[in-house]
1. For the pair residue 59 and residue 11, what calculated FRET efficiency results from E = 1/(1 + (r/R0)^6), where r is the Cβ-Cβ distance and R0 = 41 Å, to the nearest 0.05?
2. Run through every distinct alpha carbon pair of the chain and return the Kirkwood hydrodynamic radius in angstroms, one decimal place.
3. Taking the 0 to 90 degree range and rounding to the nearest ten, how far is the long axis of helix 26-38 tilted relative to the main principal axis of the chain, both from C-alpha atoms?
4. Compute the angle between helix 40-58 and the longest alpha-carbon principal axis of the chain, please, reported from 0 to 90 degrees and rounded to the nearest 10.
5. Taking the Cα atoms only, what angle lies between the long axis of helix 3-20 and the longest principal axis of the chain, rounded to 10 degrees?
6. For a footprinting-style exposure proxy, rank 79, 41 by other Cβ within 10 Å, fewest first.
7. Who wins for biggest fluctuation among 33, 74, 50 in a Gaussian network model of the chain, springs between alpha carbons below 10 Å?
C-alpha cells in the first residue's frame, strides 16, 4: 500500500457513515463505490459497518416509562441559562 493509497483509504473510511446514509451526490457516491470495488480492505470495513447498521435497524424500538425524563433531570446540575429562571 502506498502513502497515496493509504491517504485515500483514510478519507474513504471517514466517509463511510455518510455513504451508508446516502448523504452524497450520485457523483460523490460513485467515487466511493469505485474505491470500494478496488480496495478489499475498505470494502471489508464497509460491509462490517453496513452489517452493524442493518442489525441495529432491525431491533425493535423500546418504550421508556414517562418518569424516565424526570429521573434523568433530577440527576443533572441546575441550568445556568437565564431563560430558565
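All of the numbers you see were taken from the coordinates with simple rules; none came from a lab. If you're wondering where the values come from, they're calculated on a predicted model, not measured in any experiment. Neighbour counts are summed over all protein chains in view; Cβ atoms, including those assigned to glycine, are modelled from backbone coordinates with ideal geometry.
1. Values: r = 31 Å, r/R0 = 0.75.
It comes to 0.85.
2. Values: mean 1/r = 0.0603 Å⁻¹.
It is 16.6 Å.
3. 60 degrees
4. 30 degrees
5. 50 degrees
6. On the way: 79 10, 41 14.
Fewest to most other Cβ atoms nearby, the residues stand as 79, 41.
7. Comparing 33, 74, 50 in the GNM, the peak value goes to 74.
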